[in-house]
Amino acid sequence: MTMAATTDRRSPVARWGQIARDIRRRIEQRELAPGVQLPSENELAENYGVSRITVRQALSSLADEGYIHRRQGSGTFVSDTVQVVQHDLAIAQPWRDRLASSGMKATSVEVPTEHIRAPPVALLFDLDLAHGDIGPRWFRRLQLVDGNPIGMSDSWLAPGVAPGIESAPLIEGSLSTTLESRYGIVATEVHSYLHPETASAEFAEVLRCPQEAPLMVVNAVSIDSEGALIEASRTVWIGQRVRFHHQHGDQTRNPH
């Protein structure tokens, strides 16, 4: 199989990212059908005019996203399906519990930080917050499904909320679980705002996705039963791994 293509040295996207994007496009458009074996690393390197290391990085990214898989001693093949996770915005049940009930291994992993970082101005603007309403206490968690990253969450606590929380690891990597278990703090109201972005170099490295890959960003503010602000958060989800679902009306009824 010949995959004639070129990469642009002048592009801000790394060459491995360009290769991953091209192969991903071919898979999504069924130019490369499920089960098809990809050319060898040497052949791909020659086709794209890059080193084997660059090709290997592109293939690793595609494997992490579920587009391809490797068979020991046989080669690299297009996956039958790309696993897409559904995120239900209107359901209060934690996303990890929902996915676990459907047989997936969903985990949150706390990313070590110094816990001090000012919230982005864009986040404050989006959530109609003023400087000083939240932060600078900051927590970052990587969201994984079956060991592969699907998203990353950054949260900033309101002043006075959960003093000393940063002195111990989060319970199961979950900020909400830790707030409830250790401090009795429960969000009764959450306002979420969605918008698309593309992956920055920082997010691409952490999420193991190509730079400029499509992301869906969810900015949210959590409030307790007395109307007091608990936290503001920014979660970036890999667009090709997550789809969003929102249902109006009585969710206990099944129209089918």
Of the listed residues (125, 139), the one being touching a strand residue (DSSP E or B) at 6+ places or on another chain (Cβ under 7 Å) and under 18 Å from residue 229 (Cα atoms) is 139
If I go through region 167-189 residue by residue, how many of them are under 22 Å from residue 144 (Cβ atoms) and either among the β-branched types (Val, Ile, Thr) or outside any loop (DSSP other than H, G, I, E, B) (or both)?
10
I'd like to know if region 130-139 contains one or more residues that are assigned to a strand (DSSP E or B) and surrounded by fewer than 18 Cβ atoms within 10 Å (Cβ to Cβ).
no
Please find, among 243, 208, the residue that is on the phi > 0 side of the Ramachandran plot, in contact (Cβ under 8 Å) with a residue 60 or more places away in the chain and in contact with a strand residue (DSSP E or B) (Cβ under 6 Å, 6 or more places away or on another chain).
208
For region 190-205, enumerate the residues that are part of a helix (DSSP H, G or I) and without any contact (Cβ under 8 Å) to a residue 24 or more places away in the chain.
201, 202, 205
Kindly indicate which of 45, 58 is modelled with pLDDT of 90 or more and in contact with a Gly (Cβ under 8 Å, 6 or more places away or on another chain).
58
Considering only residues that are at positive phi and out of contact with any Leu (no Cβ under 9 Å at 6 or more places or on another chain), look in region 148-174 and name the one that is surrounded by the most Cβ atoms within 10 Å (Cβ to Cβ).
172
If a residue has to be out of contact with any Pro (no Cβ under 9 Å at 6 or more places or on another chain) and either part of a loop (DSSP other than H, G, I, E, B) or under 21 Å from residue 202 (Cβ atoms) (or both) to count, how many in region 20-61 make the cut?
17
Taking into account only those residues within region 106-123 that are of a type outside the set (S, T, N, Q), in a loop (DSSP other than H, G, I, E, B) and in contact (Cβ under 8 Å) with a residue 12 or more places away in the chain, which is farthest from residue 136 (Cα to Cα)?
120
Residue 45 being touching a residue at least 60 places away in the same chain (Cβ under 8 Å) and touching a helix residue (DSSP H, G or I) at 6+ places or on another chain (Cβ under 6 Å):
no
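The values are calculated or read from the model by the stated rules, or taken from the named source; none is laboratory data. These numbers come from a predicted model, not from an experiment. For neighbour counting, all protein chains shown are included, and Cβ atoms are generated from backbone atoms with ideal geometry for every residue, glycine included.
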